[in-house]
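Take a look at the structure set out below.
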Amino acid sequence: MKERVYFTEKELRKIEEAVYDILDEDKENSLNGEMILEELFRKGFSFGKYSKNQLKRMLIKYLKNWSDYELKKLNSIAQKDLKTNFRIDNLLILQEFLFLAVDDLTFRFNEAFELGFKLIREREIRKFVETLYQGIFNPTQEALERTKKFREGIEVLFSQKEPKGLLDKYFKEKDNLDDEELTEEIFEEQIFEEENQGDIEITDYHVFSNIVESLIDNKNELEKEKIKQIFNDAKVNFDKITDHELILELFNMAKEAVEREINEDEYIAHKFYSIDFDDIYNDCVDIDDHQSKDCRLVYLFNLWSLSQRPIKKMKLKRFEFFESRLKFTVTEKNLIEFIKEEIKKRRVRQRKS
């Protein structure tokens, strides 16, 4: 019998074991997450005592434990090929998404789940993750029955010749019946609020940010001393610029570098700018295939998404995740070094004071 490896916390362990048992009995290998969930309910299990957000956090923890286990295995390989290294990188990207998902249980959670589900190879683990995800939205047998009824109703309505009016009526009725909490946190924090035109205060950060943008666009290879001189000539007072503002420019440079790499390949660029981001995974069959342009697109898209973080998660350590993965220009490398030195100098001063 195949050895079982468990990744849930103690609270969900019995459910994880039950899913494995159900899968052992599935000789035809035909069960999906919803069917497994239904079987769990028949066996007396339920997710009803947990809130939706509690279950999401349990799934985040599960994926973190699983990815730690995977990374430990892969990092123990003495001679790693390109495919192995590509998988390691994708697992590390997954962990970055999981780090963000703890505070964003909508948008970032969905990104983490989608990548994690794509990376999982083992049938049992994949099916458990699928089942737990289903349990978030259908925690009880009654909730699952409502979902099925709703889906059947939609299918009937779409079979009608003129479904629009019927659909509007159906969704209205559904809204009245559905008391689930709906939360959307898609819009991320901004450093500055919009100011009235003609009354904009030009701060040191504005000047600094504009210079950074110009340096990125400059085709010359500028040394660090030249970059320092440019800031000095512009009389930029770095004491009036916060750490967050400096780190924000590092993340903006990461975003620029990802977009530049996307634009280097005509096929990848066309898909990136033309398809719905919800469909970004569709053509990537084996996410570990480093030679597939569709999977390379997924990889770059995820880096691009990670470069656009909530402000409170923008830390110097998080930016360093990008440094070995992106192709920065000579000027950008020197600019990055300059900004990092400025941040570190402050921290030394803070420790001494």
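The values are calculated or read from the model by the stated rules, or taken from the named source; none is laboratory data. Not measured: the values here are computed from a predicted model. A quick note on method: Cβ atoms are made from the backbone with ideal geometry, for glycine too, and the neighbour counts reach across all protein chains shown. The protein model used for the area step is the full one, side chains on, heavy atoms only, and it has no ligands, DNA or RNA in it. Shrake-Rupley method; radii C 1.70, N 1.55, O 1.52, S 1.80 Å.
Do you know which of the residues in the range 96-117 that are open to solvent by 40 Å² or more (accessible area, probe 1.4 Å) and out of contact with any helix residue (DSSP H, G or I) (no Cβ under 8 Å at 6 or more places or on another chain) is farthest from ASP283 (Cα to Cα)?
Among them, the one singled out is PHE107.
Looking at PHE41, PHE47, PHE7, PHE86, which one is touching a Gly at 6+ places or on another chain (Cβ under 8 Å) and surrounded by 15 or more Cβ atoms within 10 Å (Cβ to Cβ)? Talk me through it step by step, then tell me what you get.
Details: PHE41 fails: touching a Gly at 6+ places or on another chain (Cβ under 8 Å); PHE7 fails: touching a Gly at 6+ places or on another chain (Cβ under 8 Å); PHE86 fails: touching a Gly at 6+ places or on another chain (Cβ under 8 Å).
The conditions single out PHE47.
With at pLDDT 90 or above and either in contact with a Ser or Thr (Cβ under 7 Å, 6 or more places away or on another chain) or of a type in the set (Phe, Trp, Tyr) (or both) as the only criterion, which of LEU215, LEU144 stands out? Break it down into steps so the answer makes sense when it comes.
Working: LEU144 fails: either in contact with a Ser or Thr (Cβ under 7 Å, 6 or more places away or on another chain) or of a type in the set (Phe, Trp, Tyr) (or both).
Of the residues listed, the single one that is at pLDDT 90 or above and either in contact with a Ser or Thr (Cβ under 7 Å, 6 or more places away or on another chain) or of a type in the set (Phe, Trp, Tyr) (or both) is LEU215.
Picking from ARG87, ARG57, ARG121, ARG108, which residue would you name as being without any contact (Cβ under 8 Å) to a residue 40 or more places away in the chain, in a helix (DSSP H, G or I) and either among the basic types (Lys, Arg) or more than 23 Å from ALA143 (Cα to Cα) (or both)?
ARG108 is the lone residue from the list that is without any contact (Cβ under 8 Å) to a residue 40 or more places away in the chain, in a helix (DSSP H, G or I) and either among the basic types (Lys, Arg) or more than 23 Å from ALA143 (Cα to Cα) (or both).
Working only within the range 70-83, note down all residues that are of a type outside the set (Lys, Arg) and surrounded by 13 or more Cβ atoms within 10 Å (Cβ to Cβ).
Scanning the range 70-83 gives GLU70, LEU71, LEU74.
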